[in-house]
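The values are calculated or read from the model by the stated rules, or taken from the named source; none is laboratory data. Quick caveat: nothing in here was measured; it's all calculated off a predicted structure. Neighbour counts are summed over all protein chains in view; Cβ atoms, including those assigned to glycine, are modelled from backbone coordinates with ideal geometry.
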Amino acid sequence: MKKVLLALVVVMFALSANAQLKIGVGGGVALPMGDFGDGFKMGFGGGAAGKYMLNEKLALGLNLGYYSFTAKDEAGGSDVKFSIMPITALVNYYFATEGFKPYVGADLGFYACKSKVSVLGMDVSATATKLGFAPTLGFEYGFSDKMGLDVNAKYHYITTEGSSTSYVGINLGLVFTLGGK
C-alpha cells in the first residue's frame, strides 16, 4: 500500500508543477451507530490523507485510517476487540478558497475489519474486507499558506451481512500544502 501511495504522489507532481497536493494526518473518536453501537463502546483512531487539488475548490485523493473498538459487555471473562481500517478514495468540494474553508465530501472504498475474542487465554480472530462509503462535512483553517487545521465528521457506512456496520468519526488533524502558489 505504501508503494501505491508513493506512486500516486509522484504522478500528481508530474501532472502539474502549479498544482497543489495536500497531505494530512490526524486522530479522532468513532461513535458506533445502530446495531454496532449496541455492542461496542466509542472507538479511537486516526489516519492520513493525500489530496490532489484539481482546482481551488475540488480535490481528489486517498484516505488510510485505523480505528479500534472494545465490546460494551464482556461476559465470562472474555475480551472482545474490533478494528476497522478504511482504505478509500475521496472527493471534497470547498466552499471558500482562503482562511476558513468549509467543505463537503464523500469517501468510497474498502474497509478491512478484524474481530478478536480472547477467552480463557485463547484467541480467536476473523477478518473480512467490505465495501463502504462515508459522506463528510468539515472545514480547513489555514495558519499559513503551507499548513492548516482540518476538522471533519464522517458517517461511515460499511456493507455487512445481516445489518450494516456504521459509525460517526469526528476527526482533528493538520494539513500540509505542497506545491502550487
Can you find, within region 152-179, the residue that is modelled with the lowest pLDDT among those that are within 15 Å of G50 (Cα to Cα) and surrounded by fewer than 18 Cβ atoms within 10 Å (Cβ to Cβ)? G179
Based on this model, can you work out whether K146 counts as of a type in the set (K, R) and more than 20 Å from G24 (Cβ to Cβ)? no
Log entry, pairs with first residue in region 143-169 being over 30 Å from D35 (Cα atoms), second being among the small types (G, A, S) and assigned to a strand (DSSP E or B), beta carbons closer than 6 Å, six or more apart or on different chains, reads G148/G142
The residue from F110, F100, F133 that alone is in contact with a Leu (Cβ under 6 Å, 6 or more places away or on another chain) and modelled with pLDDT of 90 or more is F133
Please count how many residues of region 98-138 are part of a strand (DSSP E or B), out of contact with any Ser or Thr (no Cβ under 9 Å at 6 or more places or on another chain) and over 23 Å from M33 (Cα atoms). 5
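Pick out the one residue from S68, S125, S118 that is over 17 Å from K22 (Cα atoms) and exposed (fewer than 13 other Cβ atoms within 10 Å of the Cβ). Break it down into steps so the answer makes sense when it comes.
Working: S68 fails: exposed (fewer than 13 other Cβ atoms within 10 Å of the Cβ); S118 fails: exposed (fewer than 13 other Cβ atoms within 10 Å of the Cβ).
Exactly one of S68, S125, S118 is over 17 Å from K22 (Cα atoms) and exposed (fewer than 13 other Cβ atoms within 10 Å of the Cβ), namely S125.
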For residues that are out of contact with any Phe, Trp or Tyr (no Cβ under 6 Å at 6 or more places or on another chain) and farther than 17 Å from L21 by Cα, tally how many sit in region 165-181. 5
Please determine, by comparing only the residues of region 163-181 that are more than 17 Å from I84 (Cβ to Cβ) and assigned to a loop (DSSP other than H, G, I, E, B), which one is farthest from the chain's Cα centre (by Cα). K181
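Looking at the structure I just gave you, is D145 of a type in the set (D, E) and either assigned to a strand (DSSP E or B) or surrounded by 20 or more Cβ atoms within 10 Å (Cβ to Cβ) (or both)? Break it down stepwise before answering.
On the way: of a type in the set (D, E): yes; either assigned to a strand (DSSP E or B) or surrounded by 20 or more Cβ atoms within 10 Å (Cβ to Cβ) (or both): no.
Considered against the rule, which asks whether it is of a type in the set (D, E) and either assigned to a strand (DSSP E or B) or surrounded by 20 or more Cβ atoms within 10 Å (Cβ to Cβ) (or both), D145 comes out as no.
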